[in-house]
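> This is the structure I have questions about; it appears just below.
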Amino acid sequence: MEFEIYSGEKATGIIASKAKTHQPVIEAPEKVKAGEPFEVKVRVGPHPSTKEHYIGKIEVYYSEAGRDFNPILIASISLAPEYTEPVVSLRVRVEKSGVIHVISYCNLHGLWISGREIRVE
Ligand SMILES: [Fe+2]
């Protein structure tokens with residue numbers, strides 16, 4: 001059994017049918033200045049937030065250009081069903097260009113990933 005992280009691009013069949021409501025959507029500026037904070041917004045869904053079916057975790061990673069080992073875990077948010085919606089906002093700063101990857105976890109539909117490039121100018 002493989003360890004799976006689903007993404008919309010590679011998904012087929014029943015998995016593809018869940019991509020739209022599970023793959024994280026990342027809003028972030030394309031270009032940023034080194035060391036200056038910027039906003040990263042992540043949302044998953046629309047997705048239920050009930051005890052039976054919910055997004056329990058959103059993790060944000062940064063893969064930095066030129067670094068020997070990637071990624072860096074920059075945020076890990078646990079979400080309680082019923083009380084929260086899978087929408088988070090972060091202030092982030094980076095020194096070098098790279099890619100933000102977000103992984104979301106649904107208790108019924110597993111792990112989903114998406115990425116967004118950040119260019120430091
Ligand atoms: Fe789900």
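The values are calculated or read from the model by the stated rules, or taken from the named source; none is laboratory data. What you see is a predicted model, and the numbers here were worked out from it, not measured in a lab. Counting neighbours? That spans all protein chains shown, and the Cβs are built from the backbone with ideal geometry, glycine included.
> Determine the pairs where a residue that is over 23 Å from His53 (Cα atoms) and free of Cβ contacts under 8 Å to residues at least 60 places away in the same chain, located within the stretch 92-121, has a partner that is outside any loop (DSSP other than H, G, I, E, B) and among the hydroxyl-bearing types (Ser, Thr, Tyr) with Cβ atoms under 7 Å apart, the partner being 6 or more residues away or on another chain.
Correct list of pairs: Gly98/Tyr62; Gly98/Ser63; Val99/Ser63; His101/Tyr61; His101/Ser63.
> So which residues in the stretch 86-121 are in a loop (DSSP other than H, G, I, E, B) and either within 12 Å of the chain's Cα centre (by Cα) or of a type in the set (S, T, N, Q) (or both)?
Pro86, Ser97, Asn107 - these are the residues of the stretch 86-121 that are in a loop (DSSP other than H, G, I, E, B) and either within 12 Å of the chain's Cα centre (by Cα) or of a type in the set (S, T, N, Q) (or both).
> Oh, and also: Please find, within the stretch 23-38, the residue that is farthest from the ligand (Cβ to nearest atom) out of those that are surrounded by 12 or more Cβ atoms within 10 Å (Cβ to Cβ), over 10 Å from the mean Cα position of the chain (by Cα) and outside any loop (DSSP other than H, G, I, E, B).
That would be Val32.
> Right, something else. Determine which member of the set Glu59, Glu64 is within 23 Å of Lys20 (Cβ to Cβ), surrounded by 13 or more Cβ atoms within 10 Å (Cβ to Cβ) and at pLDDT 95 or above.
The conditions single out Glu59.
> Further, regarding this structure: Among the residues of the stretch 39-82, which ones are in contact with a Pro (Cβ under 7 Å, 6 or more places away or on another chain), among the polar types (S, T, N, Q) and assigned to a loop (DSSP other than H, G, I, E, B)?
If the condition is that a residue be in contact with a Pro (Cβ under 7 Å, 6 or more places away or on another chain), among the polar types (S, T, N, Q) and assigned to a loop (DSSP other than H, G, I, E, B), then Ser49, Thr50 are the ones that fit.
> Here's a follow-up. Among Tyr83, Tyr54, which is more than 15 Å from the chain's Cα centre (by Cα) and within 16 Å of the ligand (Cβ to nearest atom)?
Answer to the check: Tyr54.
> Looking at Ser89, Ser104, Ser97, which one is farther than 28 Å from Ile14 by Cβ, of a type in the set (Ser, Thr, Tyr), crowded, with 16+ Cβ neighbours inside 10 Å and touching a Lys or Arg at 6+ places or on another chain (Cβ under 8 Å)?
Only one candidate qualifies: Ser97.
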